[in-house]
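Since the structure comes first, as structure tokens, the remarks are kept for the end.
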Amino acid sequence: MTKFKNYINEVGIIGVTPENIDEAVEIINKNCKKFVKEIQGYGFPYRGFASMDHAKQVIPHSSVLYEHQVRKDRQPRYIPKDLHKFLSEYSKKNFGWDIRTEGVFTASRNTAKNYSAFREPPKAVIPIGNYKYVCLSKNLIKLYGLYDAYTRGDAYIENDDWVKRELIGHLKNYRTNGIQNVVQNQGASWECIINTDKYYSIPDVFSEEILSKLY
């Protein structure tokens, strides 16, 4: 799981709103109407963040809402390049976009807190404007275990074809709709990869209050 944590640190902060919950709710209602409607008040997806973002900008912890620009050219740090390429090509063919290089990786609050550096609480994520996503609501341990085994060259990994067949079996469980059914279970192990140009993040301490005010 450590490898996944390092991989998803790919965005930079481009704006911070004033420290006001009501203003944050107004901004979200204006710029995130589609997503607010889709999650139906059940909850948000979450991300783990370091105190310092990818561009080495300090995050002001007192702010309520942060605006992030998403990179679309991420490269793998730990997953072999040939496996990364295979996953990219598969997702383009089956989902219409590259979940490896174009997506923002989010998860349940319970899972996302494990990805935060220095034990920082996770932040809720809300895509701005149009977006796409794929969600996996099943346990992720075996999927990332395959990545680790492939990298280590474990004896039971006989060849690339076997690994790819196993990964395809997991990727077929991804869904391109129904995020409202996923986000309501914050104690489970799930992920949602969101394709968006920009998104807002909300510190966990404010997320429940903002969610209640949105509905």
Given the criteria surrounded by 15 or more Cβ atoms within 10 Å (Cβ to Cβ) and of a type in the set (A, V, I, L, M), does VAL163 qualify?
yes
Find all pairs meeting these conditions: Cβ atoms under 6 angstrom apart; at least six residues apart or on different chains; first residue within the range 116-141 and within 19 Å of ILE99 (Cβ to Cβ) and of a type in the set (A, V, I, L, M, F, W, C); second residue surrounded by fewer than 14 Cβ atoms within 10 Å (Cβ to Cβ) and modelled with pLDDT under 85.
LEU136/ASN173
Select the helices (runs of 4 or more DSSP H) contained entirely in the range 1-71, then report the ones holding at least 1 residues which are modelled with pLDDT of 55 or more and either of a type outside the set (Val, Ile, Thr) or more than 30 Å from GLY178 (Cβ to Cβ) (or both).
21-31, 33-39
Go through (1) loosely packed, with under 14 Cβ neighbours inside 10 Å; (2) of a type in the set (Phe, Trp, Tyr); (3) under 17 Å from ALA107 (Cβ atoms) for TRP190 and report which single condition fails.
(1)
Screening ILE157, ILE126, ILE99, ILE168 for residues that are farther than 21 Å from GLN75 by Cα and either under 15 Å from the mean Cα position of the chain (by Cα) or modelled with pLDDT of 70 or more (or both) leaves only ILE126
Please indicate, with yes or no, whether at least one residue in the range 107-117 is within 21 Å of LYS198 (Cα to Cα), out of contact with any strand residue (DSSP E or B) (no Cβ under 6 Å at 6 or more places or on another chain), surrounded by fewer than 21 Cβ atoms within 10 Å (Cβ to Cβ) and modelled with pLDDT under 80.
yes
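The values are calculated or read from the model by the stated rules, or taken from the named source; none is laboratory data. Quick caveat: nothing in here was measured; it's all calculated off a predicted structure. Glycine also receives a Cβ, built like all others from the backbone with ideal geometry; neighbour counts cover every protein chain displayed.
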